[in-house]
Amino acid sequence: MKPSAPVTTADLAPVVGKVAAAERLSAEDGLALYDDVDIHTLGELANGVRERLHGRRAYFIVNRHINYSNYCVLRCKFCAFYRRYPTKKTTDGGDVSASLPLAGATGGLPTSVRAGATGGVSISARQDDAYALSVEEMVDRAKQAYEAGATEVHIVGGLHPKLPFSYYTQLCSAIRESCPKIHIKAFTAIEIIHFTRICKPRMSIREVLTALMQAGLDSMPGGGAEIFDDRVHDEAYKNKVGEVEWFEVHRTAHELGLPTNATMLYGHVETKAERIAHMIKLREHQDESIRSRPARFNCFIPLSFIPDDSALSDLPGPTGLDDLRTLAISRLMLDNFAHIKAFWIMQTPKLAQVSLNWGVDDIDGTVVYYDITKREGAGGRHQELTVEKLQRLICEADCIPIERDSLYRQVIRDRENSSGGTVWYSRPWGTEDNCQRSPRPGVPDRATRRPRCGHRP
Ligand code: SF4
C-alpha cells in the first residue's frame, strides 16, 4: 500500500470553506484535520467557531468533586481508580464476599468502609486506599463545599457491589436538604445501569432516573462513554456496558428533562477514525435531543488518557499536540454542542489554558478533590485550582473569565453580603455583560495581573 501524502493546507480548502459557511463536517473532513500537520491552521479554524459561539468568553465553575467509593466490580484496563471489594475464600475455594458485613453498617447503609477495617481480609498494597463514604460523610463534604461558595457537587464512584440503591437516593435527598441551592451533578451512565441491576426487583433506567431526580439529582456527567466502538470496547473495557446502554441512559435522561454531558477517553487503543466516529455518534444523538426532547448534552469533554497505574501503563498516552488537536477537532465536528471543555485535571492547567485559543470555551472548575486520576502518578487527592488561578489562566489567554453554573448561566456573587461572598445567583444570557464594553476585554493589566474587564478575583 502506498503511504498517503501529507495533507497540506491546500488539501484543507474544502474543510475551511465548510467551517466558514458553518456547514457540518463529514468523517473524512475530521480525518483530514487529524492528518494535517499544521496545528496553527487547525487552531485558527477552531477558534473561529469558538468566537462565533462565545466571543472571548471562557467559562469556569466553582465546584467540588466527591467520589463516594473506589470499590468497583469491574476492571477496566485503562482505569487506575478501582479497588477490589474485599473477599475471603472458603476452604473449598468459594467466594464468601456476600457474607462480609460493611464496617459500621447501620440501618442497612454503611457509615463508612475502609480497607484495613475489614476484619482480617487480606488486601494487597493497591487496596490500602480503598474506601466507601457514608451518606453523612458525603453530606459533610457537600456542606463544606457549599459554605465555601461551590455552586455544584460532581459525584461519581465505582460500581460498589454492596451499596443498596437507597444509598444513592438518600445521598441526593440529604445533600438537597443540607445545601438547597447546590446543583447535584451525579452518576455516569454506567452507574445508572448498575443501579438498575442492584434493585430487587430490577428497575428500569427510567425508574432509576426518576427516583434520583425526585431525590434531588439535577444533571448527569458524561463519563463512561470511552470510545463508541466494539473493537475498542472488547480490548479495553470488555465487561462494561457499551454504547447501546450508554446512549439509552442519556436518551432517557434527555426525555425526562435531565441535562447531561458527554465525554471521550482518547489516547489508548483507539484509532483517529474511531475518535471521529465517536464524535459523529454523539452529534447524531444531540440532533435527536434538540429536535424532540426537553434536555440535551450541555458540553463535550475529551478526556486525555493517563496510563499510570492502569493495566495499559505500557502505552505512552497522548502528547500535548494530540490533546490540542483533539480538542480543536471536537469543536469543529460537534457543531450542535454549545460547549467544549478541557478538563484541566486530564489535560493539565497549562494545556487547558492554551486550548482556549484552540476551540475550547470552558476549563471546568475548582474541583478541589479528585480521586479518579492523578496526573503522572505524582498528585494526591487534593487537586485544586482556586478562582484566582482559573481567572489568571483565562485572562492570560486573552479571554474573559465568566463564572458559570452547571447550566452555563453566569453566576453573580454578592460580595457585599456579610456571609462572606457565598451568596450568589445565576443570570441568564441576554442581559448586559460589562466585560463586553472593554476595548480589549479580558487582557490582564501587566502591572497588577488583574483582568481589565473588571473581574476581581
Ligand atoms: S472505569 Fe469505572 S467501571 Fe471501569 S473499573 Fe474504573 S471505576 Fe470501575
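The values are calculated or read from the model by the stated rules, or taken from the named source; none is laboratory data. Everything quoted here is computed from the prediction, not taken from an experiment. Neighbour counts are summed over all protein chains in view; Cβ atoms, including those assigned to glycine, are modelled from backbone coordinates with ideal geometry.
Scanning the range 13-64 for residues that are of a type in the set (S, T, Y), over 15 Å from S330 (Cβ atoms) and out of contact with any Pro (no Cβ under 9 Å at 6 or more places or on another chain) yields a total of 2. Evaluated against (1) within 16 Å of the ligand (Cβ to nearest atom); (2) surrounded by 17 or more Cβ atoms within 10 Å (Cβ to Cβ); (3) modelled with pLDDT of 95 or more, Y59 falls short on exactly one condition, (1). Helices (runs of 4 or more DSSP H) fully within the range 265-365 that include at least 1 residues being buried (at least 24 other Cβ atoms within 10 Å of the Cβ) and among the β-branched types (V, I, T): 320-333. Checked against the criterion of being at pLDDT 65 or above and crowded, with 19+ Cβ neighbours inside 10 Å, the candidates A142, A115, A148 yield just one match: A142.
For H65, the test of being within 16 Å of the ligand (Cβ to nearest atom), within 29 Å of the chain's Cα centre (by Cα) and either at pLDDT 95 or above or not in a loop (DSSP other than H, G, I, E, B) (or both) is passed. When K238, K272 are checked against the criterion of being more than 17 Å from the chain's Cα centre (by Cα) and within 15 Å of the ligand (Cβ to nearest atom), K238 stands alone in meeting it.
Within the range 224-239, the set of residues being surrounded by 21 or more Cβ atoms within 10 Å (Cβ to Cβ) and assigned to a loop (DSSP other than H, G, I, E, B) comprises G224, A225, E226, I227, F228, D229, Y237. Determine if the range 436-457 includes at least one residue that is modelled with pLDDT of 80 or more and part of a strand (DSSP E or B). Checking the range 436-457: not a single residue is modelled with pLDDT of 80 or more and part of a strand (DSSP E or B). Would you say V368 is in contact (Cβ under 8 Å) with a residue 40 or more places away in the chain, surrounded by fewer than 21 Cβ atoms within 10 Å (Cβ to Cβ), more than 27 Å from S26 (Cα to Cα) and of a type in the set (A, V, I, L, M)? The answer is no for V368.
If you go through the range 178-221 and keep only what is touching a helix residue (DSSP H, G or I) at 6+ places or on another chain (Cβ under 8 Å), of a type outside the set (S, T, N, Q) and either not in a helix (DSSP H, G or I) or not assigned by TED's automatic domain parsing to the domain that holds H278 (or both), you end up with C179, K181, I182, I184, A186, F187, C199, R202, M203, G216, L217, M220.
Applying the condition of being in contact with a helix residue (DSSP H, G or I) (Cβ under 7 Å, 6 or more places away or on another chain) and either among the acidic types (D, E) or outside the structural domain of S292 (by TED's automatic domain parsing) (or both) to the range 244-275 and asking which residue is farthest from I306 (Cα to Cα) yields E248. Would you check which residues across the range 152-168 are more than 16 Å from the ligand (Cβ to nearest atom) and under 26 Å from N239 (Cβ atoms) and list them? Passing the criteria: P164, F165, S166, Y167. Within the range 13-43, being buried (at least 17 other Cβ atoms within 10 Å of the Cβ) and outside any helix (DSSP H, G or I) holds for L25, D36.
Quick grid of which residues meet (1) out of contact with any strand residue (DSSP E or B) (no Cβ under 9 Å at 6 or more places or on another chain); (2) within 21 Å of I340 (Cα to Cα):
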| position | (1), (2) |
| --- | --- |
| K181 | no, no |
| A186 | no, yes |
| E191 | no, no |
| E207 | yes, no |
| T210 | yes, no |
| G223 | no, yes |
| D229 | yes, no |
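With the condition kept exactly as written, say whether any residue in the range 286-307 is of a type in the set (D, E) and farther than 24 Å from E28 by Cα. Looking through the range 286-307, none of the residues is of a type in the set (D, E) and farther than 24 Å from E28 by Cα. Taken together, the residues in the range 250-272 that are under 25 Å from L327 (Cα atoms) and hydrophobic (A, V, I, L, M, F, W, C) amount to 4.
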